């Protein structure tokens, strides 16, 4: 076998070139820009669209409302002083336990039941069963909309049970005979019976400042 003899100088030059090639600057990696997003329990289904709109250059991070770049909710808050963008609509439905056998209620019947004026389902053509009202905490977006529109500002009965989330509301009505509650249409399941609807509300994305960069890009996609 033919052996090539190299001088010490040639060997040093070859090693130096190899080292320079191995230690050259690595390609610059561009990290995605993080956009913090919060969503109320009622508006949480909209997060599916948020994740779907985010390109590889944007990383969506679930956040609390205080630190969020975008806060998603149903309807307008009592005092809105920052930019808001409509990204969809939802409908507030009044639902009951299917075992009641009731298919529809009038707006007056809904108000009488939720305010405690009627306490038996017999009063609205149902079974001889006490009415169990479910509501959300004061200040929840879906609660404010329902009280302001469906109940015309009247207070929900003090005997109402508290649902910690929209999912909890749906489960509670489905599992407890005699129950009545309300939830956004996006949360409706076959385990509850819709008896009143028609209240359409906007789904809003609210920012603290005029949106720029990644926030603006994400909002533009959500509004398509």
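The table below lists the values:
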read-out: Percent antiparallel among DSSP beta bridges (both partners in the chain, rounded to 5); value: 65 percent
read-out: Ranking of 121, 187 by count of other Cβ atoms within 10 Å, fewest first; value: 187, 121
read-out: Highest-MSF residue in the chain out of 73, 81, 111 [GNM, Cα springs under 10 Å]; value: 81
read-out: Cα pair distances exceeding 34 angstrom across the chain, given as percent; value: 37 percent
read-out: Ordering of 98-105, 65-72 by burial proxy (mean other Cβ atoms within 10 Å per residue, highest first); value: 65-72, 98-105
read-out: Most fluctuating residue given options 202, 32, 77, as computed from a GNM of the chain linking Cα atoms under 10 Å; value: 32
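Read-outs: derived from the displayed coordinates by stated rules, not from any lab. Remember, predicted model here, so these are calculated numbers, not experimental data. Heads up, the Cβs are rebuilt from the backbone with ideal geometry, glycines too, and the neighbour counts pull from every protein chain shown.
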